[in-house]
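> Okay, here's the structure, questions in a sec.
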Amino acid sequence: MTVESLIEKYELQRHPEGGWYREIHRSALSIGRPAGYPGERTALTVIYFLLAEGDFSAFHRLRGEEVWIHLAGAPLELVLLDREPVLRLLTSAGGGGTPVAVVSPGLLQAARTFGDFSLVSCLVAPGFDFADFTIPSRELLLADYPEHAAVIERFTRL
């Protein structure tokens, strides 16, 4: 498997946070307009998400809860930033890490692969909508978390 073959096989497109993705499921179940959301949402969405060597998922927030599941490739480092950074290593079963990580709503998250590529699936509930997605600037994150400058600079582009 190569990055190019995976992009072609799964018909992936560039994601604003970095990496490649394609939505593979959007629940037909509507949960109406949850409190704090700007509109109606589906119950769940699922994507394939691919990170290639040298690329990264920039720090971002989702209004909903996200579950990352490692599918193939090298281990993936998932970085969660609150008052202290938390590093999670996602690998396929038996790879020394865990295949699943859950990110709480609103928590800053970023990721990178430790090899040629990492292929994961991400599930978001309530279902993903770009209106619920933000990528804070490096300047804003450094103002909020000056003690974590190194990790912020590693996982931001602006």
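Values in this text are rule-based calculations from the coordinates and carry no lab data. Given the structure is predicted, the values throughout are model-derived calculations rather than measurements. Ideal geometry is used to build each Cβ from the backbone, glycine not excepted, and the neighbour counts take in all protein chains shown.
> Just to check I understand the Karplus step: with θ = phi - 60° and J = 6.51 cos²θ - 1.76 cosθ + 1.60, what whole-Hz values come out for the range 123-134, glycine and proline as x?
The phi angles translate into 10, 10, 9, x, x, 5, 8, 4, 5, 9, 10, 9 Hz.
> Could you give the length gained on full extension between R14 and A149, defined as 0.36 nm per residue of separation minus the Cα-Cα distance, in nm?
45.9 nm
> On to the next question. Using a Förster distance of 41 angstrom, determine the FRET efficiency expected from the C-beta separation of T2 and I31, and round it to 0.05.
0.60
> Ok, one more. Cα centroid distance between the range 72-115 and the range 1-22, in Å?
19
> Now for a different question. For the range 85-90, take each phi angle, set θ = phi - 60°, evaluate the Karplus expression 6.51 cos²θ - 1.76 cosθ + 1.60, and give the result in whole Hz per residue in order, putting x for glycine and proline.
Using θ = phi - 60°, the values come out as x, 10, 9, 10, 9, 9 Hz.
> Which residue fluctuates most in the GNM of the chain (Cα springs below 10 Å): E65, E53, E40?
E40
> Looking at the chain as a GNM with Cα springs under 10 Å, which of I31, I47, I69 has the largest mean-square fluctuation?
Judging by the Gaussian network model, the answer is I31.
> Mind jotting down a quarter of the surface of the convex hull over the alpha carbons of the chain, in square nanometres, one decimal?
Values: hull surface 37.8 nm².
Quarter of the Cα hull surface area: 9.5 nm².
> Suppose only helical runs count, i.e. DSSP H with n ≥ 4. What mean residue ellipticity at 222 nm does that imply for the chain under -39500 (n - 2.57) per run, divided by all residues and rounded to the nearest 500 deg cm²/dmol? Could you put the intermediate results ahead of the total?
Numbers: 3 runs with 20 residues, N = 158.
Dividing the helical sum by the residues of the chain leaves -3000 deg cm²/dmol.
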